[in-house]
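Shown next, in structure tokens, is the structure this report addresses.
The values are calculated or read from the model by the stated rules, or taken from the named source; none is laboratory data. Note that the structure is a prediction, hence the values are computed from the model and not measured. Because the Cβ atoms are built from the backbone with ideal geometry, glycine has one as well, and the counts that use them run over all protein chains shown.
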């Protein structure tokens, strides 16, 4: 019985030391990690809305009110909206949406120019199946979203040549493709709501 108590105490001490070391590491690196995430998000915004020189985040209450007005089931499906500015003029918006895909939430960043054209789409993060749903990060797939019109929603097609506002599904990952298209569609709806 004493041996079990001694081993339990040793295990408790080792676990406590490991927890303290992990906590200290997190404390020391949290600002560096936060800055790295900020820089990656800024780079992604520049990729989807290349005409912008700088970005200003829109008020969260405005976005929440617009989502409520649109009747979104999940009012937080649009996490953030940035207005892209060049030479003091608005040139478009970037929208970060989080639709639900096969492997869980997928973070989609969409750029829409002020004239209502989708300028780009990037997958910021996902938990999709490697080799199938993860193909959503391929440049050829993401390029399908460029130059689509923000006047009507995107449709996913499983075969044939896609026309205007149509996206070819990733083979074996239709659910992922539909989720991404839905994320872009949320962004399109929000864009149209903000530009009434």
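Structure summary
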{"item": "Selection within segment 84-97 - more than 18 Å from residue 126 (Cα to Cα) and not in a loop (DSSP other than H, G, I, E, B)", "result": "84, 85, 86, 89, 90, 91, 92, 93, 94"}
{"item": "Among the residues listed as 31, 61, the single one being out of contact with any helix residue (DSSP H, G or I) (no Cβ under 7 Å at 6 or more places or on another chain), at pLDDT 90 or above and more than 18 Å from residue 109 (Cβ to Cβ)", "result": "61"}
{"item": "Segment 51-92, residues that are closer than 18 Å to residue 181 by Cβ and under 16 Å from the mean Cα position of the chain (by Cα)", "result": "74, 77, 78, 79"}
{"item": "Strands (runs of 3 or more DSSP E) (entirely within segment 98-196) containing at least 2 residues that are closer than 25 Å to residue 43 by Cα and under 15 Å from the mean Cα position of the chain (by Cα)", "result": "107-113, 118-125"}
{"item": "Filter result for residue 58 (surrounded by 13 or more Cβ atoms within 10 Å (Cβ to Cβ) and more than 21 Å from residue 121 (Cβ to Cβ))", "result": "no"}
{"item": "Single match in 42, 80 (criterion: under 20 Å from residue 185 (Cα atoms) and surrounded by fewer than 19 Cβ atoms within 10 Å (Cβ to Cβ))", "result": "80"}
{"item": "Out of 187, 152, 159, sole residue that is more than 21 Å from residue 100 (Cβ to Cβ) and in contact with a strand residue (DSSP E or B) (Cβ under 9 Å, 6 or more places away or on another chain)", "result": "159"}
